[in-house]
Structures are given as structure tokens and as C-alpha cells.
Amino acid sequence: MAKRTALFGHHGHAGAKMVDFAGWEMPLHYGSQLAEHRAVRECAGMFDVSHMTQVDLDADDAEDFLRYVCANDAARLGDGGAIYTCLLNRRAGVIDDGIMYRFQAGHYRLVINSATRAKDLDWLRGLAEDYHVEPWERCDLSMIAIQGPEARERARGPIAQVLGQEIATAADGLRRFHVTTPERSRVARTGYTGEDGYEVMLPKDKAPALWDALIEAGVTPAGLGARDTLRLEAGLALYGHEMDEDTTPLEAGLGWTVAWEPPERDFIGRETLSEQREAGADRVLVGLLPEGRAVPREGQVVHTDAGEGIVTSGGFAPTLERPIALARVPAGSGGDCEIEIRKRRVPAQVVDYPFVRKGKPAV
């Protein structure tokens with residue numbers, strides 16, 4: 001039986017089209033994916049992301065453990081800091097990606113993907129046996145993402161109303177990639193849309209009240225469909241598409257998430273990744289702008305002057321009103337290429353991504 005979030009009933013009452021996502025019944029849209037996408041780009045939208053896996057690590061050894069299992073460095077974080085990272089296997093392939101939060105010394109949280117939950121927890125718990133750390137899945141928490149140019153302003157009142165003025169005041173003062181430190185409910189200035197906003201981690205029993213208060217404040221509910229078109233426009237990688245266990249961060253456009261310094265830090269996959277860094281990755285991630293209205297999709301072949309590549313994510317970009325794609329292609333590919341779409345080669349241009357930055361076209 002599929003799992004349901006604490007907001008399942010709210011989605012049904014709002015007429016959401018529900019779909020199975022990694023074993024969860026989740027809203028795809030509430031009637032118009034396009035309207036939801038535009039609400040986030042132009043005003044404020046919110047997503048039920050309670051299916052994400054929240055894992056706490058509370059121990060004196062937590063920082064040492066995370067410095068070993070994550071490609072980014074937990075030692076970079078001060079209290080209330082957050083950092084994007086990958087978990088790598090010993091071949092430097094990406095087991096998963098997510099955000100690492102430090103609440104205070106010895107108290108951390110990883111927020112990772114729902115589709116990889118079981119293997120991630122097995123991996124972390126197996127490695128934790130060599131440390132005095134016990135990864136603790138926070139099944140008692142929900143998570144609501146509030147995103148858009150007006151998201152923080154519109155969320156201020158609802159957060160104060162439901163979670164308390166102390167947390168609302170702390171959220172007001174957050175810098176990007178920081179999180180409030182009062183316990184139990186946490187507000188992070190992070191997201192997955194290319195817009196500013198919050199991700200609120202809170203007890204399940206408070207999630208419905210916050211959702212209702214946000215609707216009253218003019219925040220538009222949005223589903224998985226809009227979340228995907230928003231992240232694609234922003235050039236944000238999706239696990240299982242731009243990265244997987246056979247793809248390294250350097251091949252997934254995520255080299256910036258690897259903390260190479262200090263050189264003595266030993267993290268899983270470092271040796272293999274260092275060799276690839278020195279030699280240069282054979283494959284790289286690029287953006288594509290196809291001509292015409294044909295929409296590229298994952299798995300389609302890309303023909304470049306340096307050889308064949310593959311579309312990792314593709315779709316119609318509402319902000320640009322045109323098709324776009326991310327693709328993994330041979331290093332050195334540039335300029336013009338062709339995408340095989342429905343047995344036809346469609347001309348396309350290799351471009352840098354993101355396609356949209358701060359709500360405006362960037363290509």
C-alpha cells in the first residue's frame with residue numbers, strides 16, 4: 001500500500017491528481033501545472049515534500065562520520081549552516097544527493113531522496129558501525145517547501161501563527177543555505193526551484209495548520225509536475241537522471257559540490273574522483289536548446305561533433321515558452337548538435353545552464 005503524507009486529505013479536497021511517486025501518493029498537479037509553475041516564478045507556491053527522507057545524526061562523532069561519507073565537507077558548516085552534498089560509492093558514483101544541515105555541534109540532519117531511502121539508510125547505517133553514530137530517520141516530521149519571489153514575505157505570518165514568533169523571527173534573519181536552530185520545527189532558506197524561499201521541517205500534526213495558513217496568505221499549492229519543470233529551468237540535477245551510481249559528480253555537473261580541501265580529508269570515492277579530475281572527465285553535462293516545438297525526453301540520443309550523448313532530462317519550459325533539455329555528452333562538445341526525437345533528428349544548440357535565473361531567461 002502506498003504511503004501518505006499528513007497532507008494527503010488536503011490534496012484530495014483541493015482536487016489534486018494523485019500519482020505514485022517512490023511508493024508515496026503525491027499530487028502531480030491541482031488542475032493546472034502551468035499555473036502552478038507560474039505562481040512560483042511570479043509570486044509564491046508551496047509543495048508537500050514530506051516524502052523526502054530526513055535523517056538525524058546526533059553524536060560527538062557525527063561531524064567525523066559526515067566528513068567521510070559525504071563529498072562535501074561538514075567541517076565547513078557553523079551552527080545553523082546548510083550545504084548541498086553527494087553520497088558517493090567507492091567508484092565515485094553518486095548513491096544520492098541531498099542537503100546537510102548543522103543545528104549545533106554534534107547535531108546534524110541529512111535530507112535525501114525518497115526513491116533511494118532504503119539503500120541510503122542501509123549504506124549510512126553500515127558505515128556508522130565504525131563510528132559512535134546511529135542515523136535516525138525522522139518519520140515524525142513533515143516538510144513543506146514555500147518558493148517564489150514573494151514566498152518569504154507571505155510565509156512570515158503563517159509561520160508565526162503555527163510555529164511561533166521565535167521561529168518566524170529567526171527565519172526572517174536567515175541567509176541563503178542557513179536553517180533556524182530552535183528545536184523541533186526548523187525553517188531552512190533552501191529549495192529546489194531556482195527561486196528564493198523556505199523549506200519547513202515540522203511535526204506532522206502541525207503541517208495541516210501551516211498549509212491552511214499559507215493558503216490564506218495567498219500561497220498557491222503546487223505538485224510534482226511544476227516542481228520538475230521549475231528545477232529543469234533552473235538547471236538543477238535530479239537523482240536517477242543527471243546522476244546515478246555509475247555517474248560521478250564531475251560527469252553530472254556537480255564538481256562544485258566536492259570539497260577537495262583539505263587534501264588530507266579522506267572521503268569515500270576520493271581516490272577515483274581525484275584520478276578523473278586529473279585526467280578530465282570523458283562526459284559532461286550541458287544544456288540544450290532544440291529548434292522548433294518538439295520536446296526532448298530522457299534517454300534520447302544526442303549527436304555532437306565529439307560523438308554521441310544522451311538526454312538526461314527534457315521538457316517544455318513555461319518561462320521560456322520553448323523546449324529545453326539537459327544532456328550528458330562527450331567532453332569538448334559544443335555549438336550545434338542534433339537530438340533524435342521520434343525518429344527524427346532535431347537541430348539543437350549546446351548552451352550553458354541554468355536556463356532561468358531569478359525568474360528571468362538566462363539563455
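Coordinate-derived values only; no laboratory data. Note that this is a predicted model, so its numbers are computed, not measured. Glycine also receives a Cβ, built like all others from the backbone with ideal geometry; neighbour counts cover every protein chain displayed.
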GLY223 long-range amide H proximity, modeled H, under 5 Å: TYR30
Under 11 Å, Cβ to Cβ, from ALA252 - net charge with Lys/Arg +1 and Asp/Glu -1: -3
Taking r as the C-beta separation of ASP64 and ALA306 and R0 as 45 Å, the FRET efficiency to the nearest 0.05 is 0.60
Return the label of the correct value of Rg and Dmax of the Cα atoms in Å, as calculated from the structure shown, out of [x] 20.4, 62; [y] 21.0, 70; [z] 20.4, 58. [z]
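First check a/c for segment 282-363, with a ≥ b ≥ c the square roots of the eigenvalues of its C-alpha gyration tensor; if it is under 1.5, answer rounded, and if not, answer prolate when a/b is larger than b/c or oblate otherwise.
Values: a/c = 1.93, a/b = 1.29, b/c = 1.49.
Note, shape of segment 282-363 comes out oblate.
Provide the net charge surrounding ASP120, with neighbours chosen by a C-beta distance below 14 Å and charges set as Lys +1, Arg +1, Asp -1, Glu -1. Don't skip to the answer; put the middle values down first.
Numbers: positive: ARG109, ARG117, LYS119, ARG125, ARG138; negative: ASP56, ASP96, ASP97, ASP122, GLU137, ASP244, GLU245.
It works out to a net charge of -2.
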If amide H atoms are built 1.01 Å from N in the plane of the peptide, which residues on other chains or at least 5 residues away come under 5 Å of the amide H of TYR239? none
